[in-house]
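What follows is one structure encoded as structure tokens, with my remarks underneath.
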Amino acid sequence: MTGESVTQGCPVTPQGCPVSDRAAAFTPFGDEYQHDPGAALAWAREEEPVFYSPELGYWVVTRYEDVKAVFRDNITFSPSIALEKITPTITEADEVLRSYGYAMNRTLVNEDEPEHMPRRRVLMEPFTAPALVEREDMVRRMAREAVDAFVDDGEVDLVTEMLYQVPLTVAMRFLGVPEEDIGPLKEYSVAHTVNTWGRPKPEEQVRVAHAVGNFWQYAGHVLDKIRQDPSGPGWMQYSVRRQAEHPDVVTDSYLHSIMMAGIVAAHETTAHAAANAVKLLLERRERWEELCAHPALIPNAVEECLRHSGSVAAWRRVATTDTEVGGVPIAEGAKLLIVQATANRDPRHFEDAERFDPRRESAGEHLTFGYGAHQCMGKNLARMELQIFLQELTTRLPHLELVEQDFQYVPNTSFRGPEHLRVRWDPARNPERHDPQVLNVRHPVTIGEPSKHAISRAMTVTHVERVAERVVRIRLEEPDGKPLPAWTSGAHIDVDCVDGDEVLTRQFSLCGPAEDHHAYEIGVLLETDSRGGSRWVHENAVEGATFHVRGPRNHFRLDADAERLVLVAGGIGITPVLAHADRAKSMGLDYEIHYAGRAAEHMAFLDRLRSDHGDRLHTYASAEGHRLDLARVLADVRAGTQVYACGPDRMVQALEELAESWPEPGALHVEHFSSALGALDPSIEHAFDVVLSDSGLTLRVPPDKTVLHTLREHNIDIQSDCEEGLCGSCEAPVLAGDVDHRDVVLGRGDRAAHSRMMTCCSRAHGDRLVLQL
Ligand code: FMN
């Protein structure tokens, strides 16, 4: 561990690993963490990403990749402590709980393999997308009735009147709890949260124990009722019916425990997420108005709300063996608090991570629902509810405002949402008073893959300039001059080239100054045998034109810790390399640029490169007899040198061959501009199985579908961008099977190892692949 000074020893490692002052001072029960857990631990993510908290007796994990890695490996990092009381109870409270016969046992969230997966599979069906579609009308009706009740009042506490109440009722319907039994649930749920994830004082513990004991008995009573008639559509009725078929998998003790835990899981998290989302949007008025004006943005905005201000701040795991997280040794038995709220704002994973951007393409990659085998089963029900709530509120109360108030949170490590959210509006301005048709508008709910085109940004072309033969530099700005999401070198944007009904999407690397937050600049080569994209850009890039743009995204990030950078560009591949060079210069890094092209007049940005990068720039114009000799230029790749390259395939192939003899594997980083991928031809493909080790599922990939498509159909969230085997964002780890690689991302060594694949295009040579998903 790094840190300023040593104050206390960590009891987990025998040698007493030092604990820094900030780590020692960390408490998740204070105001700072409650108000914004993502921000409260930002210091740790940057300085001490895995630290020991003496206050908790837990290791706290804060970076995206580390949190995901812990979620992914539920064997090394067991979920068994997920529902353990984080504050040990006093004897008196334990006795109270015993007096109620409290016997909370394993539920899905805290269950190890091999028991967990068979249960999950047996009980999963009601959570699948087709089953959830059936629930949409019910959710919409309840949300509408809730708004009906207060729409003319002018002021309301949205939490009590809608955002808590509706998820609770939906959850009870979904679970199959009889309506008459809903009454005391709020008190019970809060007690369960404080009991499990909070820090109740001794006197409070006894009160909480009574409520939890009552909750336990209540759950038993509801379950008994359901057992008498298990024919209804609820998930608990379904579970009871499944018990008859699989009595060893779905046991009595399990049913009682899941009845209680399920009630909390099914509504608290959604209620909090909804309140966080509305608060976040109203605090950023222009964002709220953007959703009112463009309701098609709502599905993606929901993901961005869950990323930026999710309702599940942190979760828990225990190490089952000596291991490490992010390079920090973790001993067997050590407990981990993995903080999704901080990971979700990790700039290593999300460009301009602090910014709330409803158009962020990668918003759905948040870890708020967890990841892997234990990922939240109800995630798509929650998504549906959140989308419908925002649709109803933005349509019927677009003039909603936050009342000034102090927000209160129940102090605990994991569940976060304001207890009240007071809003006001002028009922005379309600749109439905002037136009009753407003009530007939029905925006679609998106379950699964969000629509990419819905989130594009309309940008104005403000400058076009020819910078070489067939290459133009284009400057794009927001029409209202608002600042754009920031980006780092290597990032690209997607441009939708729209011709009638046909939309071609093409990627272009950002190559203007990264510190200019009011414009994106791209350099576009008109390809001689254009498939339509670059031709469209050249024909349409005139000042004042509108381009529809998505991103920025970055799959070609610069390692700012490298001792030396060698930047290699061929032809139009200069665009991301130019951005890397600018960044390297601004950071004072040691770098050199090798830029090859046919002739100077074909080489874009030469003047700028010469004036900004001086003798760090080496140019090679083949028509002038000056060829780039890669073997010579890269003869001296030592440890600590990183090579970044973008250019034609033959250049990349030559680099890959050279890289085999470099001291550090992974020192070569390549950005590809083109793929060799044609359309999927079902007549020459064969079907195969993909076995998902983390999720415990086996899926059949038919000849006319990609692995990516098949995964998405089965509720597996997986990111993707180009879907042409170029960008690497849909990569999945392969544990077994012979991959038929069709991407251009993986080098020869990676292909031969069969340990990773791009799911958008690669397939199986045989009849089965095992993926670590
Ligand atoms: N082409 C450019 O002309 N300039 C660029 O900066 C650029 N950046 C790219 C970045 C990425 C990540 C990818 C995948 C491609 C990039 N391309 C770039 C290639 C274009 O997206 C596109 O493939 C090319 O213009 C040819 O398209 P066309 O055949 O439809 O004309």
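Applying 1/(1 + (r/R0)^6) with R0 = 45 Å to the Cβ-Cβ distance of residue 405 and residue 296, what FRET efficiency is obtained, to the nearest 0.05?
Values: r = 31 Å, r/R0 = 0.70.
So the FRET efficiency works out to roughly 0.90.
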**OP:** Report the extension gain between residue 557 and residue 252 in nm, rounded to one decimal, defined as 0.36 nm multiplied by the number of residues separating them, less their alpha carbon distance.
**Re:** 104.6 nm
**OP:** Let me have the relative contact order for the chain, percent, based on Cα pairs under 8 Å that are six or more residues apart.
**Re:** 11 percent
**OP:** Could you pull out which residues in region 498-528 have an amide N less than 16 Å from a spot 7 Å beyond the Cα of residue 612, following the Cα-Cβ vector?
**Re:** 509-524
Original post:
Beyond 17 Å, what share of the Cα-Cα pairs of region 98-214 remains, rounded to the nearest whole percent?
Top reply: 71 percent
Original post:
Given Cα pairs under 8 Å that are at least 6 residues apart, what percent is the relative contact order of region 343-433?
Top reply: 20 percent
Original post:
Beyond 48 Å, what share of the Cα-Cα pairs of the chain remains, rounded to the nearest whole percent?
Top reply: 22 percent
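So between residue 624 and residue 419, what do we pick up on full extension, going 0.36 nm a residue minus the alpha carbon distance? Write down the numbers at each step before the final one.
Numbers: separation 205, 0.36 × 205 = 73.80 nm, distance 7.15 nm.
Length gained, residue 624 through residue 419: 66.6 nm.
Determine the share of region 441-578's accessible area contributed by carbon and sulfur atoms, expressed in whole percent, with a 1.4 angstrom probe.
Carbon and sulfur atoms account for 48 percent of the accessible area of region 441-578.
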Subject >> Mean separation of Cα contacts under 8 Å, 6 or more apart, over the residue count of region 79-208: relative contact order % >> reply: 41 percent
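Among DSSP beta bridges whose residues both lie in the chain, state the antiparallel percentage, nearest 5.
70 percent
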**OP:** Report the extension gain between residue 679 and residue 141 in nm, rounded to one decimal, defined as 0.36 nm multiplied by the number of residues separating them, less their alpha carbon distance.
**Re:** 189.4 nm
**OP:** Starting at the first residue of region 305-314, write each ³J(HN,Hα) from the Karplus equation 6.51 cos²θ - 1.76 cosθ + 1.60 with θ = phi - 60°, in whole Hz, x for Gly and Pro.
**Re:** 5, 5, 6, 6, 8, x, 9, 10, 7, 7
**OP:** Rounded to the nearest 10 degrees, what's the angle between the helix 136-150 long axis and the longest principal axis of the chain, both from Cα atoms, 0 to 90?
**Re:** 70 degrees
**OP:** Compute, for residue 704, the solvent-accessible surface of its heavy atoms (probe 1.4 Å) with the complete set of protein chains present, and express it in square angstrom to the nearest 10.
**Re:** 90 Å²
Subject >> residue 697 long-range amide H proximity, modeled H, under 5 Å >> reply: 692
Subject >> Cα lying deepest toward the dipole's positive end in the chain, options 393, 430, 593, charges on Cβ >> reply: 393
Subject >> Furthest towards positive pole of dipole, 82, 194, 300, structure part the chain, Cβ charges >> reply: 82
Subject >> From the C-alpha gyration tensor of region 428-502, square roots of 5λ in Å >> reply: 36, 18, 15
Subject >> For peptides 621-633, 688-700, sequence by mean Cβ density within 10 Å, most packed first >> reply: 688-700, 621-633
Subject >> Separation of the residue 754 and residue 98 label points, Cα + 7 Å toward Cβ, nm >> reply: 5.7 nm
**OP:** With a 1.4 Å probe and every protein chain left in place, work out the accessible area per residue of the chain in Å², rounded to a whole number.
**Re:** 40 Å²
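Over 28 Å between Cα atoms, which of 85/186; 186/335; 186/225; 201/379; 379/705 qualify? List each step's numbers first, then the result.
Numbers: 85/186 20 Å; 186/335 30 Å; 186/225 21 Å; 201/379 33 Å; 379/705 25 Å.
Table pairs above 28 Å Cα-Cα are 186/335; 201/379.
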Original post:
On a 0 to 90 degree scale, rounded to 10, what angle separates helix 202-228 from the longest Cα axis of the chain?
Top reply: 90 degrees
**OP:** Based on alpha-carbon positions alone, could you give the equivalent ellipsoid semi-axes of region 293-436 from the gyration tensor, as √(5λ), descending, whole Å?
**Re:** 36, 17, 14
Subject >> Spacing of the two label points (7 Å from each Cα toward its C-beta) at residue 47 and residue 148, in nm >> reply: 5.6 nm
Original post:
How far is helix 252-283 tilted, in degrees, relative to the longest principal axis of the Cα atoms in the chain, given as a value from 0 to 90 rounded to the nearest 10?
Top reply: 60 degrees
Subject >> Euclidean distance of C-alpha centroids, region 617-693 and region 334-382, integer Å >> reply: 31 Å
Subject >> Pair residue 91, residue 354: separation of 7 Å Cα→Cβ label points (nm) >> reply: 5.1 nm
Original post:
Taking amide H positions as placed 1.01 Å from N in the peptide plane, with prolines and chain starts having none, which residues 5 or more places from residue 570, or on another chain, fall under 5 Å of its amide H?
Top reply: 596, 646, 647
Original post:
So how much accessible area does residue 377 have, in Å² to the nearest 10, using a 1.4 Å probe?
Top reply: 30 Å²
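The values are calculated or read from the model by the stated rules, or taken from the named source; none is laboratory data. Bear in mind that the values here come from a model prediction, so they are computed numbers and not experimental data. We place every Cβ from the backbone using ideal geometry, glycine too, and count neighbours over all the protein chains shown. Accessible surface areas use protein heavy atoms only, side chains included; no ligands, DNA or RNA. Shrake-Rupley method; radii C 1.70, N 1.55, O 1.52, S 1.80 Å.
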